[in-house]
Structures are given as structure tokens and as C-alpha cells.
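The next block holds one structure in the form of C-alpha cells; read it before the comments.
The values are calculated or read from the model by the stated rules, or taken from the named source; none is laboratory data. Owing to the predicted nature of the structure, the values given are computational and were not obtained by experimental measurement. Quick reminder, even Gly has a Cβ in these numbers, built from the backbone with ideal geometry, and neighbours come from all protein chains shown. Surface areas here come from the heavy atoms of the whole protein model, side chains and all, with no ligands, DNA or RNA. Shrake-Rupley method; radii C 1.70, N 1.55, O 1.52, S 1.80 Å.
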Amino acid sequence: MLHETQVMEGTATHASARVRLIHASAGFEGVVLQERMSLSQFLLALAGALADEHPGIRRTLWGAQQRARQAPNPPDALAAWLMRHIGDAATEITVGGFGSASTDDAIVRFLQSAIERSPQGCCWTLYGENFDDLPIAAWRARRLASEPSTPSGAAVARPSSEAAAKAPGALATLFATGDRSELLTLINRYGFALIESDEAHVLYEAAMSLPEASRRTNAAVQTLLAMAAALEGQTDVAESLFLNAMAVAVDEIERSHVRLRYACDIMRRHRLDSVELLEANLALDLPGALAVASRSAVAAAYALAGRADEARTAANAALAGVTGMDDEALYARVLHQASFVALCDGRFDDAERLAAESRARAASIGLYETAGGAASVQYNVYFDVKEDLEKTVEALRFLADCGAKCGSADKQSYALTAAYEIEVERGDEAAIAALEAELQDFDVAYGLRGTDEVVLSSQALQLAWNGEFTRAYAMLKGSAERQSEPGRRARRWAEAALYAAASFNARASEHALQMAQHHIALGDPSNANRTRARGFVALTLALCGRTAEAQTEAAEAMGEMSRDRGRIYALAALSAQAAGWSSGTNAGSDVLAGLETVRTRGLGGIARLIEALPMDAFPDRTSRELVA
């Protein structure tokens with residue numbers, strides 16, 4: 001390796017540069033580029049080199065790689081994933097071998113993006129004979145890189161496979177050395193144990209090096225490939241691979257491993273046939289960890305199926321079974337699934353407690369999929385039940401960070417758009433601007449348009465604050481029927497109806513009202529979006545002079561919910577007050593009081609909307625003013 005004094009001599013004058021360039025021979029400590037090295041192999045070596053400081057990188061590497069395949073620029077998506085793990089921690093990354101081997105273009109693009117994304121505390125030392133593949137001139141112009149220097153003395157060479165050898169376990173060693181003769185034996189023995197460990201990426205690379213016939217007849221490999229296909233959104237491919245894995249399993253233990261992972265995958269899509277798969281596992285005498293994992297998973301499946309008593313019993317049995325086991329990852333997963341069961345069962349304090357413990361345990365070992373799932377439970381408790389917006393936004397921020405660290409665009413999109421919607425409803429313009437910038441960066445990185453669709457409602461609301469009702473209506477009118485469920489469709493149509501009425505477009509408002517009322521009739525009365533829709537319908541009816549209908553709509557909305565749901569109840573109450581003011585049955589002071597109530601409930605953005613509504617849209621009320 002290069003002696004420390006030699007490195008310091010070469011870089012002392014460039015200590016502030018993020019990238020240190022050293023002309024030296026390859027074969028020193030760090031990640032060494034090799035001939036025909038793929039990006040996947042490079043990342044495997046990099047994860048091993050950073051494992052002590054950032055263990056989460058290795059644990060999430062495999063999933064991040066599979067998900068990055070969906071991005072328009074996979075190396076850039078992987079660079080973003082790496083930097084979320086490094087964060088603000090002071091980190092030294094050393095890469096060598098430049099110029100002595102032909103460097104894969106994907107590696108070059110990854111390094112360029114990662115270096116340019118690096119925070120100040122992340123320093124890169126690049127060694128090699130030349131740096132012709134890298135944009136050194138541009139980096140130097142931006143003061144990111146030092147002038148290339150040559151250290152005094154000679155470098156002491158080390159075997160070039162050292163970085164790859166840092167990957168743990170016998171499987172990694174065999175894969176790194178190119179010995180395929182024993183790979184299949186080791187995969188047969190340890191494959192299922194590795195699938196959800198921090199060596200899944202090693203298993204995947206090793207499996208892909210096997211002949212197709214060997215891959216097709218190995219249950220662990222087929223299961224891993226099925227999970228990879230699911231992460232890439234190829235659900236039909238995943239289904240076929242899971243079924244084949246069950247068919248080629250050599251015994252019921254292997255088949256139970258496959259059933260567990262197959263059931264967990266389809267459960268994410270709310271498929272209730274997951275129950276049957278997991279019940280088949282419960283009928284067997286399975287070893288401890290597999291039995292506990294199966295019982296915990298079936299508890300979540302029962303909860304989805306509305307079988308609350310069975311879900312509670314299974315979750316309690318899984319919690320009892322995992323206690324005392326030396327398996328922190330399994331413990332975190334069981335806690336998460338138990339928190340979901342409690343949430344579905346209406347035991348919200350239990351859901352909050354279990355989710356908090358799951359989140360802490362999972363995050364401490366880099367299990368960000370599970371930590372993010374626990375944060376999602378917290379979000380539901382804090383937002384829908386306890387109406388604690390500060391804790392809600394914190395949970396969403398944590399969920400977005402977990403999504404970034406496991407390379408999940410879906411988790412990031414879900415969390416960022418939900419946080420954006422909350423901040424717009426609160427009317428917090430500084431928070432809105434920050435989230436808009438983050439969403440824009442996110443869309444550019446992942447090439448997603450889905451976030452635009454989700455935030456349309458929030459963007460339309462901001463237009464309405466400034467009286468731009470025609471633009472707000474135009475933004476929403478074509479999107480309502482694309483919403484995922486009746487409550488959301490009803491809400492989107494109701495918002496469109498209000499904006500159309502406020503822009504004096506009676507025909508469009510009437511059509512949107514009818515569509516909103518149609519979806520309200522189809523929806524679940526406990527659905528918060530449906531209740532919001534009724535509030536907006538009442539406001540629209542009042543704006544159109546149909547005050548009796550407006551008061552009836554608002555009263556029915558209030559009657560369907562508990563006063564404990566303060567935010568939504570306050571919105572419905574304000575709709576009733578506005579309708580009463582429009583009809584002349586109450587004073588403007590009632591509406592002003594209602595506006596103050598929704599502000600204190602975290603709906604300042606809705607208050608701004610109502611204040612912006614054109615008073616002269618109310619028939620025969622053109623001279624009235626909203627005063628106490």
C-alpha cells in the first residue's frame with residue numbers, strides 16, 4: 001500500500017479538494033478496477049470496502065441493483081442510493097487501477113455521478129496510470145479535484161482480488177476466485193439463509209454464473225430470481241419463477257421457504273391467496289425461525305383478509321416465538337407485521353409501540369425495507385388517528401430516507417408526495433418549496449411521471465389560493481377517474497366541482513358534482529377522502545346557491561364520523577357554517593371561527609382556499625362581506 005507520508009506529500013496542497021488524484025501503479029488497498037469488471041462486481045467490492053463504516057450498503061445492495069434497472073440511468077440511480085447511505089458521515093473511498101484496465105462505461109458513469117453527489121465530508125482518492133476516462137478537467141474547473149500528483153517512493157503492491165475477497169463467506173470466496181465446481185453445493189446448502197441476509201448480492205452474482213439448467217432446477221436460485229423480478233415490477237415473471245421454485249424444491253422445508261417468500265410478495269399486492277400458502281406452512285413441523293416467520297406472515301395475511309381474531313392470535317404467537325431468538329432481523333420483521341395487525345385491528349397504541357420498536361431495531365442493522373414498513377404504520381397512526389402532523393411528517397421523511405437507502409423509487413414517491421400534500425394543506429410555503437425541489441430532483445433521477453399525477457390536487461389548491469380557479473379546474477378535470485379508489489375519485493371530482501363553480505363554469509361544476517356524488521355513494525363511509533369529498537361538495541352547493549342541499553350534505557358528513565377525527569370533522573363543520581352563512585341563517589363570525597379552527601387543525605391551506613372563493617359567486621349575495 002502507499003505509505004501515509006507518500007500520500008500526504010502528493011496531496012497536501014489539495015486538502016480541500018473532494019477528489020485526490022494520484023499517479024501510482026495499481027495493486028494497493030481499496031477497490032481495484034480489473035479487466036472486464038462489471039458495475040455489479042465493482043459495487044460488490046465497494047460494499048465490502050465500506051462494510052465497517054456503512055453496513056447498510058451491503059445489506060441493501062442487491063435490492064438497489066434490481067430496482068435501478070427500472071431507472072432511465074441505472075448508474076446514476078445507484079450513485080444516489082450510495083450517497084444516501086453515506087450521508088454526512090466523514091468517509092474515505094479509495095479506487096485504483098485507472099488506466100491499467102479497460103473500465104466499463106457504467107462504472108465510469110457511476111463514479112462520476114457519485115463523486116459529484118458527494119457531500120463535503122466524503123473524500124475520494126483515485127489512483128492509476130492515467131484518468132482519461134474521467135471528466136478531470138471539468139472537476140478541476142469546479143474545484144472538485146486536485147492536480148494529479150506522483151507520491152515519492154514506490155507503491156507496495158497487493159493482490160488485486162483483495163477488495164473482492166472482503167465480501168464475506170465461502171460462497172463469496174469461491175465466486176471471487178472463479179471456482180464454480182463447489183458453488184452449486186454451497187447454494188443448495190445455504191441459499192435460503194442468504195436470500196434475506198447482507199450476502200444476497202453475492203448469492204445473486206454466484207447464481208447468475210451457473211449454467212441455465214442449474215439455475216432452473218434450484219429452488220433457492222429460482223426464488224431469488226422471482227424476488228428480483230418482483231422488485232423490477234415484472235409480476236408475471238415473478239409468479240412463474242415462484243411456482244417453478246415450488247415445483248423443483250427437493251423437500252417440504254425448501255418448499256416452505258418458497259411459499260413464505262411467494263406469499264409475502266403477493267401480499268404486498270393485497271392478494272388474499274397468500275393465506276392459503278402460509279397456512280400450508282403452519283400445517284408442517286418447521287424449524288424455529290421458519291415457523292416463526294410463517295406465523296408472523298400469516299398474521300398479516302389474516303389482517304388483510306379481515307380475520308381479526310386469527311390475525312391477533314397468530315401475531316401474538318409469533319412475538320412469543322421470536323423472543324429469545326438470536327435473530328435481530330427476524331425480530332424486527334415480526335414486530336413490523338404485528339404492528340400492522342394491530343393497526344388493522346384498531347389497537348392504535350399497540351401499533352404505534354410495535355412499529356417504533358421495529359423501526360429502531362431494523363434501522364440499527366440496515367434493514368431499511370422493514371424499517372420503512374414500520375414507518376408506514378406510524379404514518380397511518382399519526383395522520384389518520386392521532387392527527388399529529390409533526391410526527392406524521394417525520395415518519396414520512398424517515399420512510400423516504402429508507403426508500404432511498406434500499407433503492408426504492410416507490411417508497412420515496414409515496415413518502416414525498418404524502419408529505420407534500422400535508423404541507424400544502426397546512427399552507428407552509430417554505431416546506432412546500434423544499435419538497436417541490438426534492439420531488440423535481442426525484443423525478444429527474446427516476447424518470448417517473450407518477451408523482452406529477454399524485455401532487456396535482458396540491459398544485460391546484462395552490463392555484464386556488466391566488467384565485468386562479470379556471471387553471472385549477474383545468475388541472476384536475478381529466479385526472480379524477482384515474483384515481484385508485486372511490487374515495488379518491490370522489491375527492492378529486494369534488495375539488496374540480498368547487499373550482500369550476502368558483503370560475504363561474506356552471507355546466508362543468510354540475511357534471512363534476514354528479515360524478516363526485518356517484519363515487520361518494522360507492523365509497524366506504526369511514527374513508528377520509530370520501531369525507532373530504534362531501535365537505536367540498538357542500539361548499540360547491542353553497543357557492544351555487546343550493547344552500548339547503550349544502551347544509552344537508554355537510555350535516556350527513558359530520559354525522560358519519562366521530563369528533564375525534566378533528567381535522568376532517570372541522571372541514572365538514574366549516575362547510576356547514578359556510579352554507580349557513582350563504583343562506584343567511586348564521587353570521588359571518590361563525591365562518592371566521594370555523595376558519596380559525598381548521599387552521600389550528602393543520603388545514604391552513606384549506607382556510608386560504610375558502611377565503612379566496614369569490615363571494616359574488618353566491619347568487620344574491622354580491623354585497624355581503626364575511627365580517628364578524
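Can you tell me how many residues in the range 97-129 are of a type outside the set (D, E, K, R) and free of Cβ contacts under 8 Å to residues at least 60 places away in the same chain?
Restricting attention to the range 97-129, the residues satisfying the condition of being of a type outside the set (D, E, K, R) are 97-103, 106-108, 110-115, 118-128.
Still in the list and also free of Cβ contacts under 8 Å to residues at least 60 places away in the same chain: 99, 108, 111-114, 119, 121.
Total satisfying the criteria: 8.
Restricting the search to the range 36-65, which residues are open to solvent by 30 Å² or more (accessible area, probe 1.4 Å), farther than 19 Å from Ile195 by Cβ and not charged (D, E, K, R)? Walk me through it before giving the result.
The first filter runs over the range 36-65 and keeps only residues open to solvent by 30 Å² or more (accessible area, probe 1.4 Å), leaving 36, 38, 41, 49, 52-53, 55, 58-59.
Next, only the ones that are farther than 19 Å from Ile195 by Cβ stay: 36, 38, 41, 49, 52-53.
Ser38, Gln41, Ala49, listed by residue number.
If only one of Ala247, Ala283, Ala230, Ala289 is surrounded by 22 or more Cβ atoms within 10 Å (Cβ to Cβ) and small (Gly, Ala, Ser), which one is it?
On the way: Ala247 fails: surrounded by 22 or more Cβ atoms within 10 Å (Cβ to Cβ); Ala283 fails: surrounded by 22 or more Cβ atoms within 10 Å (Cβ to Cβ); Ala289 fails: surrounded by 22 or more Cβ atoms within 10 Å (Cβ to Cβ).
Answer to the selection: Ala230.
Suppose we filter Leu272, Leu224 for residues that are under 30 Å from Gln70 (Cβ atoms) and open to solvent by less than 70 Å² (accessible area, probe 1.4 Å); which single one remains? If you could, list the steps in order and put the result at the bottom.
Details: Leu272 fails: open to solvent by less than 70 Å² (accessible area, probe 1.4 Å).
After applying the criteria, what remains is Leu224.
Residue-by-condition table, conditions (1) modelled with pLDDT under 75; (2) closer than 23 Å to Ala289 by Cβ; (3) not in a helix (DSSP H, G or I):
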| position | (1), (2), (3) |
| --- | --- |
| Ala157 | yes, no, yes |
| Ala170 | yes, yes, no |
| Thr185 | yes, yes, no |
| Tyr190 | yes, yes, no |
| Asp198 | yes, yes, yes |
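Please state which one of Arg269, Arg255 is part of a helix (DSSP H, G or I), out of contact with any Phe, Trp or Tyr (no Cβ under 9 Å at 6 or more places or on another chain) and of a type in the set (Lys, Arg). Before you say what the answer is, go through the steps one by one.
Details: Arg269 fails: part of a helix (DSSP H, G or I).
So the residue among Arg269, Arg255 that is part of a helix (DSSP H, G or I), out of contact with any Phe, Trp or Tyr (no Cβ under 9 Å at 6 or more places or on another chain) and of a type in the set (Lys, Arg) is Arg255.
Please indicate, with yes or no, whether at least one residue in the range 17-35 is at pLDDT 80 or above, surrounded by fewer than 18 Cβ atoms within 10 Å (Cβ to Cβ) and part of a loop (DSSP other than H, G, I, E, B).
Yes.
Identify, please: which residue in the range 185-217 is open to solvent by less than 10 Å² (accessible area, probe 1.4 Å) and more than 25 Å from the chain's Cα centre (by Cα) and is, among those, farthest from Ile253 (Cα to Cα)? Let's see the steps before the verdict.
First pass over the range 185-217, keeping only residues open to solvent by less than 10 Å² (accessible area, probe 1.4 Å): 187, 191, 195, 200-203, 206-207.
Subset that is more than 25 Å from the chain's Cα centre (by Cα): 187, 191, 206-207.
Numbers: Ile187: 15, Gly191: 13, Ala206: 23, Ala207: 21 Å.
Selected residue: Ala206.
Which of the residues belonging to the range 599-628 are modelled with pLDDT of 85 or more and open to solvent by less than 20 Å² (accessible area, probe 1.4 Å)? Before you say what the answer is, go through the steps one by one.
Start the filter on the range 599-628 by keeping residues that are modelled with pLDDT of 85 or more, which leaves 599-613.
The answer is Gly602, Leu603, Gly604, Gly605, Ile606, Ala607, Leu609, Ile610, Leu613.
Just to be sure I understand, how many residues within the range 104-117 are crowded, with 19+ Cβ neighbours inside 10 Å, out of contact with any strand residue (DSSP E or B) (no Cβ under 6 Å at 6 or more places or on another chain) and closer than 15 Å to Leu21 by Cβ? Before the answer, list the steps.
We begin by selecting, within the range 104-117, every residue crowded, with 19+ Cβ neighbours inside 10 Å; these are 104, 107, 110-111, 113-115.
Those left that are additionally out of contact with any strand residue (DSSP E or B) (no Cβ under 6 Å at 6 or more places or on another chain): 104, 107, 110-111, 113-114.
From what is left, the residues that are closer than 15 Å to Leu21 by Cβ are 111.
The total comes to 1.
I want to confirm something. Restricting to the range 530-562 and keeping residues that are open to solvent by less than 50 Å² (accessible area, probe 1.4 Å) and more than 24 Å from Tyr473 (Cβ to Cβ), which single residue is modelled with the lowest pLDDT? Even if it seems obvious, please write down each step before you answer.
Step one: filter the range 530-562 for residues open to solvent by less than 50 Å² (accessible area, probe 1.4 Å), giving 530-543, 545, 547, 550, 553-554, 557-558, 561.
Restricting the remaining residues to those that are more than 24 Å from Tyr473 (Cβ to Cβ) gives 558, 561.
On the way: Met558: 85, Met561: 72.
Among those that are open to solvent by less than 50 Å² (accessible area, probe 1.4 Å) and more than 24 Å from Tyr473 (Cβ to Cβ), it is Met561.
Tell me whether the range 578-598 contains one or more residues that are under 16 Å from Tyr473 (Cα atoms) and open to solvent by 60 Å² or more (accessible area, probe 1.4 Å). First the steps, then the outcome.
Just the residues of the range 578-598 that are under 16 Å from Tyr473 (Cα atoms), to begin with: none.
No, there is no match, as no residue in the range 578-598 is under 16 Å from Tyr473 (Cα atoms) and open to solvent by 60 Å² or more (accessible area, probe 1.4 Å).
The rows are residues; the columns are (1) open to solvent by less than 30 Å² (accessible area, probe 1.4 Å); (2) in contact with a strand residue (DSSP E or B) (Cβ under 7 Å, 6 or more places away or on another chain); (3) modelled with pLDDT of 85 or more.
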position	(1), (2), (3)
Glu390	no, no, yes
Cys402	yes, no, yes
Tyr414	no, no, yes
Glu421	no, no, yes
Leu439	yes, no, no
Leu448	no, no, no
Leu461	yes, no, yes
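Please find, within the range 513-529, the residue that is farthest from Ser583 (Cα to Cα) out of those that are without any contact (Cβ under 8 Å) to a residue 60 or more places away in the chain, open to solvent by 20 Å² or more (accessible area, probe 1.4 Å) and outside any loop (DSSP other than H, G, I, E, B). It would help to see each step written out before you state the result.
Residues of the range 513-529 that are without any contact (Cβ under 8 Å) to a residue 60 or more places away in the chain, as a first pass: 513-527, 529.
Now drop any that are not open to solvent by 20 Å² or more (accessible area, probe 1.4 Å), which leaves 514-515, 517-518, 521-522, 524-527, 529.
Remaining after also requiring outside any loop (DSSP other than H, G, I, E, B): 514-515, 517-518, 521-522, 529.
Working: Gln514: 22, Met515: 25, Gln517: 22, His518: 26, Ala521: 26, Leu522: 30, Asn529: 27 Å.
Selected residue: Leu522.
If you take the residues in the range 299-352 that are of a type in the set (Phe, Trp, Tyr) and under 20 Å from Glu196 (Cβ atoms), which one is surrounded by the fewest Cβ atoms within 10 Å (Cβ to Cβ)? Walk me through it before giving the result.
First, the residues of the range 299-352 that are of a type in the set (Phe, Trp, Tyr): 302, 331, 340, 348.
Applying the additional criterion that residues be under 20 Å from Glu196 (Cβ atoms) yields 331, 340.
Working: Tyr331: 22, Phe340: 25.
Per the criteria, the residue is Tyr331.
Just to confirm my filter: which helices (runs of 4 or more DSSP H) fall fully inside the range 279-356 and include at least 1 residues that are of a type in the set (Ser, Thr, Tyr), within 18 Å of Arg259 (Cβ to Cβ) and free of Cβ contacts under 8 Å to residues at least 60 places away in the same chain? Reasoning before the result, please.
On the way: elements: 288-304, 308-322, 328-344.
Here the list reads 288-304.
Go through the range 66-96 and count every residue that is among the charged types (D, E, K, R) and either under 30 Å from Ala226 (Cα atoms) or open to solvent by less than 40 Å² (accessible area, probe 1.4 Å) (or both).
Here the count works out to 4.
Using the structure shown, decide if Ser358 is hydroxyl-bearing (Ser, Thr, Tyr), at pLDDT 95 or above and over 12 Å from the mean Cα position of the chain (by Cα).
Values: hydroxyl-bearing (Ser, Thr, Tyr): yes; at pLDDT 95 or above: yes; over 12 Å from the mean Cα position of the chain (by Cα): yes.
Answer is yes for this residue.
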